[in-house]
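Asker: After the structure tokens below, expect a handful of questions from me.
The values are calculated or read from the model by the stated rules, or taken from the named source; none is laboratory data. Because the structure is a prediction, the values reported are computed rather than measured. Heads up, the Cβs are rebuilt from the backbone with ideal geometry, glycines too, and the neighbour counts pull from every protein chain shown. SASA here: full protein model, heavy atoms, side chains in, ligands and nucleic acids out. Shrake-Rupley method; radii C 1.70, N 1.55, O 1.52, S 1.80 Å.
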Amino acid sequence: MKKKRILLCMAVMLCVFMAGCGNQKDTIKETSESTVEISDKKSTLEDGTYIADFETDSNMFHVNEADNGKGTLTVKDGMMTIHVRLVSKNIVNLYVGTAEDARKQGAELLEPITEEVTYSDGMKEEVYAFDIPVPEIDKEFNVALVGKKETWYDHKVKVTDVEKAEERESDESSSSVDIKDGEYKIDVSLEGGSGRASITSPAVLTVKDGTASAQIEWSSPNYDYMLVGGEKFLPINKDGNSVFEIPVLTFDKPMEVTADTTAMSKPHEVDYTLTFDSKSID
């Protein structure tokens, strides 16, 4: 009888053990499937080269003004990396994650690349650039940085407004128009900012060698420069409301521009869009 009880106990333990193994297999299977889902999120874009906005939460950590807030996004084998040029050589390392993790031994830090940028006034400067892994588009992720003082800081960044590099090049070359060289009038509308500023419409449109530019006159004399397509433009007048001669990068759809105003306590860049109506050209 005692021998039978022992055998019965052993049989029960074996069943429990086998059931546990089955649950373990199920857990492994579920984990594996979860990993595949995460991996799939990284493959929402086809392999290739894109242009994208690189947004940060800091006035000190951002894309160089020569690049108008944009970086080059590369997708290869479903993995995304954005190449951004910063404003100086003051940031010596980046880490995708928190500052706490960046300080840990063995943390994989991103090393800087020295590159030369050319500003709209022709000045050249060497700055640091970084290739930053991107876990997901349109979603904030953590990036920590360290400067020459060896102090780590936490920041939030986001990659947005992704477009194919060749499509952007096509858009930027769309200022080449099928209009005879000369001077015209064109209706132009303004959106963005606080709504208090306005521009004169119609504006003077100049076409030379098939390339279009327009004179934008603001309702204020307090604009000291404009940024268009990564280039900086200064006023063409000294008195009265600020007037700028800027390239027309596209017709009939919003064109992003930035205008710096000195009307506040300190200079402030404001983002706008201009839309040039090709049907109104006269």
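Asker: When region 49-66 is examined, which residues are found to be in a strand (DSSP E or B) and open to solvent by less than 20 Å² (accessible area, probe 1.4 Å)? Quick ask: steps written out before the conclusion?
Answerer: Step one: list which residues in region 49-66 are in a strand (DSSP E or B), which gives 49-56.
Tyr50, Ala52, Phe54, listed by residue number.
Asker: Another question, then. Name the residue, out of Ile91, Ile82, that is β-branched (Val, Ile, Thr) and within 25 Å of Thr258 (Cα to Cα). First the steps, then the outcome.
Answerer: Details: Ile91 fails: within 25 Å of Thr258 (Cα to Cα).
Result: Ile82 is the single residue among Ile91, Ile82 that is β-branched (Val, Ile, Thr) and within 25 Å of Thr258 (Cα to Cα).
Asker: Among the residues of region 237-258 satisfying the criterion of being of a type outside the set (D, E, K, R) and open to solvent by 40 Å² or more (accessible area, probe 1.4 Å), which is nearest to Ser278 (Cα to Cα)? Even if it seems obvious, please write down each step before you answer.
Answerer: Quick first cut of region 237-258, residues of a type outside the set (D, E, K, R) only: 237, 240-244, 246-251, 254-255, 257-258.
Within this subset, residues satisfying the condition of being open to solvent by 40 Å² or more (accessible area, probe 1.4 Å) are 237, 240-241, 254.
Details: Asn237: 26, Gly240: 28, Asn241: 25, Pro254: 12 Å.
Checking each candidate, the answer is Pro254.
Asker: Now a separate question. I'd like to know if region 241-255 contains one or more residues that are among the polar types (S, T, N, Q) and either over 22 Å from the mean Cα position of the chain (by Cα) or modelled with pLDDT of 95 or more (or both).
Answerer: The answer is yes; a qualifying residue exists.
Asker: In addition: When the residues of region 67-92 are narrowed to those that are assigned to a strand (DSSP E or B), open to solvent by less than 40 Å² (accessible area, probe 1.4 Å) and touching an Asp or Glu at 6+ places or on another chain (Cβ under 7 Å), which ends up farthest from Val157 (Cα to Cα)?
Answerer: Going through the qualifying residues, I end up with Val75.
Asker: Of everything in region 259-278, what is basic (Lys, Arg) and surrounded by 13 or more Cβ atoms within 10 Å (Cβ to Cβ)? Give them in sequence order.
Answerer: Within region 259-278, none qualify.
Asker: Can you find, within region 140-191, the residue that is most open to solvent (accessible area, probe 1.4 Å) among those that are modelled with pLDDT of 95 or more and assigned to a loop (DSSP other than H, G, I, E, B)?
Answerer: Result: Glu140.
Asker: Would you confirm whether or not region 112-120 contains a residue that is touching a residue at least 60 places away in the same chain (Cβ under 8 Å) and under 18 Å from Lys232 (Cα atoms)?
Answerer: Within region 112-120, one or more residues are touching a residue at least 60 places away in the same chain (Cβ under 8 Å) and under 18 Å from Lys232 (Cα atoms).
Asker: Could you tell me whether region 115-125 includes any residue that is modelled with pLDDT of 95 or more and surrounded by 15 or more Cβ atoms within 10 Å (Cβ to Cβ)?
Answerer: no
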